[in-house]
Amino acid sequence: MPDNNHLSKDPWVSLRSYTDARIALGRTGVSIPLKENLEFRLAHAYARDAVYGSLELKNLFDGLQSCKLPILHLQSQCNNRSEYLQRPDWGRKLNDASKGIIQSMSSQTYDVAIVVADGLSAVAINEHLLPFLELLIPLLNKNNYSIAPLSIVQQARVAIADEIGSLLNARLTLILIGERPGLTSPNSMGAYITYNPQIGLTDERRNCISNIRPEGLRYEIAVEKIMYLIKQSINLKLSGVTLKDNTIGIDNG
């Protein structure tokens, strides 16, 4: 009779040093070990918490003062998290009050509009936004790009940046948003760049950089890629599938 209490080591265990993915877990009889089962449940709980989390607005507003930019507090047409999860289309549009805030401003034009959105992981924004912008804003200023008031949007999807950028008369939008949580990455931030933002654009018009976090794509590397794409996008007057990231030799290790 086989010993079902014997823990068998997975022969692929050496691969775990290359990824956070749940591989080479070993087995006890025909099942995975209890420890791995419990860790899976914990990771799933972290992912669910991330989806239902909220932006820490006071900490964000206080920390963003160092950027020396006006800040707009906006909201999509979703009034709560339940609506956000059930009606993605509402999360892509500003509510009337938020549109009014932008429309009441002067008609100045800008090179770049930065939009911050909770997305599917507010915890990602809470953890990564401030250190990320501390690197990005000085580079935008150094390159003499005019920056629109910083927009923080609750219950928002990626496409909401198109409406915001259009209302702000921005040549390009950069939205930083909490990505869909994974079982090893409940706090991953994504960045989407769109040239000439307009309502109704689809995903092929955007360039995406994902998994921005210390355990994934480090801030310094993400900022380098984003600055490259912003420069190319503005120079070539395009973004999306026709704009390629030709940066090479970047070490993220």
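None of the figures in this text is laboratory data; all of them are computed from the coordinates on show. The model shown is predicted, which means the values in this text are computed figures rather than measured ones. Here the Cβ positions follow ideal geometry from the backbone for every residue, glycine too, while neighbour counts run over all protein chains shown.
Taking a straight Cα-Cα cut-off under 13 Å and skipping sequence neighbours fewer than 8 places away in the same chain, the aspartates and glutamates within cross-link reach of K237 are D111. Taking 7 Å steps out from each Cα toward its Cβ at Q198 and R180 produces label points 2.9 nm apart.
Computed from label points 7 Å out along Cα-Cβ, the spacing between S31 and D89 is 4.6 nm. According to the square roots a ≥ b ≥ c of the eigenvalues of the Cα gyration tensor, what is the shape class of region 117-253, taking rounded for a/c under 1.5, prolate for a/b larger than b/c otherwise, and oblate for the remainder? It comes out rounded by the Cα gyration axes. Straight-line reach from K35: taking Cα to Cα under 18 Å and skipping same-chain neighbours fewer than 8 places apart, the aspartates and glutamates in range are D10, D20. Values of log10 I(q)/I(0) for region 7-51 across q = 0.17, 0.24, 0.33 Å⁻¹ run -0.55, -0.89, -1.12, by the Debye formula with one identical scatterer at each alpha carbon and no solvent.
Between the beta carbons of M105 and R48, assuming R0 = 30 Å, the FRET efficiency works out to 0.20 to the nearest 0.05. Packing around the peptides 219-225, 151-157, 26-32, taken as the average count of other Cβ atoms within 10 Å per residue, puts them in this order, highest first: 151-157, 219-225, 26-32. Measuring r between the beta carbons of H73 and E224 and using R0 = 30 Å, the FRET efficiency lands at 0.50. Listed by chain and number, the lysines whose C-alpha is less than 23 Å from the C-alpha of K231, apart from same-chain residues fewer than 8 away, are K68, K142, K244. Farthest toward the positive end of the dipole of the chain, out of N196, N144, L174, is the Cα of N196, where the dipole comes from beta carbon charges about the Cα centre. Residues within the reach of a label modelled at E39 (point 7 angstrom out along Cα to beta-carbon, backbone nitrogen below 18 Å), restricted to region 178-212, are 182-187.
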